[in-house]
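*Asks:* The structure's right below; bear with me while I get my questions together.
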């Protein structure tokens, strides 16, 4: 048994002279509008909109007025442009140039009821977008209160195996399930579980 596959054209009524096609030069989005005129019921103004290569409509709604439909269609096109711009910005960030160097230190702060600090040393540059890091020890700078204080990295004491990570925008990486970014050179505050 073969299944019927819906296409964009299957949503558009045949033989309706009010069908209009609206496109946006900046995107691949397309919208069809038409009117359903009834003798014993109120007329309705329909909009069916598609973006990307999808055959399922993003918008398929009937309205009581042309003005309301026009406002919704304009808002939908605005949203499609915003999504396109957001994706372009994310791609630009992913493809940004890595400026990390061998010897740079990254710090990671994480924890739920306590603040843990991990430090990583960049040991190698891999390709254009990756680095190899190794976890390094930390040295306590000051005990500020009971079970809390400040610490700094100890690059001379490597305690982890080499890990390869992709560098994202801002020279940040995700390592051991946590976000790590370039260390700012200042002592980090830590807390322990009470």
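Bear in mind that the values in this text are calculations on the coordinates, not laboratory data. These figures come from a predicted structure and were not determined experimentally. Here the Cβ is made from the backbone with ideal geometry for all residues, glycine too, and neighbour counts use every protein chain on show.
*Asks:* Enter the angle in degrees (range 0 to 90, nearest 10) between the Cα long axis of helix 66-94 and the first principal axis of the Cα atoms of the chain, meaning the one along which they spread out most.
*Replies:* Once rounded, the angle reads 30 degrees.
*Asks:* According to a simple spin-label model (label point 7 Å from Cα along Cα-to-Cβ), what is the distance in nm between residue 14 and residue 28?
*Replies:* The answer from the label model is 2.8 nm.
*Asks:* While we're looking at this one, here's another question. If each of residue 65 and residue 37 carries a label point 7 Å out from its Cα toward its Cβ, how far apart are those two points in nm?
*Replies:* 2.0
*Asks:* Taking springs between alpha-carbon atoms closer than 10 angstrom, which of 89, 67, 97 fluctuates most in the Gaussian network model of the chain?
*Replies:* Evaluated over the chain, the most mobile residue of the options is 67.
*Asks:* Something else now. Using r as the Cβ-Cβ distance of residue 109 and residue 78, and R0 as 41 Å, what FRET efficiency do you calculate, to the nearest 0.05?
*Replies:* That pair, residue 109 with residue 78, gives E of 0.60.
*Asks:* On to the next question. Expected output is a single nm value to one decimal: the length gained when fully extending between residue 101 and residue 154, i.e. 0.36 nm times separation in residues minus the C-alpha distance. What is it?
*Replies:* Full-extension gain reported as 17.3 nm.
*Asks:* Right, another one. Ranking 19, 73, 37 by Cβ neighbours within 10 Å, fewest first, what do you get?
*Replies:* If I rank by nearby Cβ atoms, fewest first, I get 37, 19, 73.
*Asks:* Considering the chain as a Gaussian network with a 10 Å cut-off on Cα pairs, which listed residue, 134, 42, 54, attains the greatest mean-square fluctuation?
*Replies:* Residue with maximal mean-square fluctuation among 134, 42, 54: 42.
*Asks:* Pull out the extension gain between residue 123 and residue 21, defined as 0.36 nm times the separation in residues minus the alpha carbon to alpha carbon distance; nm, one decimal.
*Replies:* 31.0 nm
*Asks:* Here is a follow-up. Among (i) 1.27; (ii) 0.96; (iii) 1.29, find the value of Rg/Rh (Cα atoms, Kirkwood Rh) that was calculated from the structure presented, and write down its label.
*Replies:* (iii)
*Asks:* What relative contact order, as a whole-number percentage, does the chain give when Cα pairs under 8 Å and 6 or more residues apart are counted?
*Replies:* Normalised by residue count, the contact order of the chain is 14 percent.
*Asks:* Something else: Report the gain in length on full extension from residue 193 to residue 146: 0.36 nm times residue separation, minus Cα-Cα distance, nm rounded to one decimal.
*Replies:* Between residue 193 and residue 146, full extension yields an extra 15.9 nm.
*Asks:* Using a Gaussian network model of the chain with C-alpha springs under 10 Å, which one of 91, 101, 64 is most mobile by mean-square fluctuation?
*Replies:* 64
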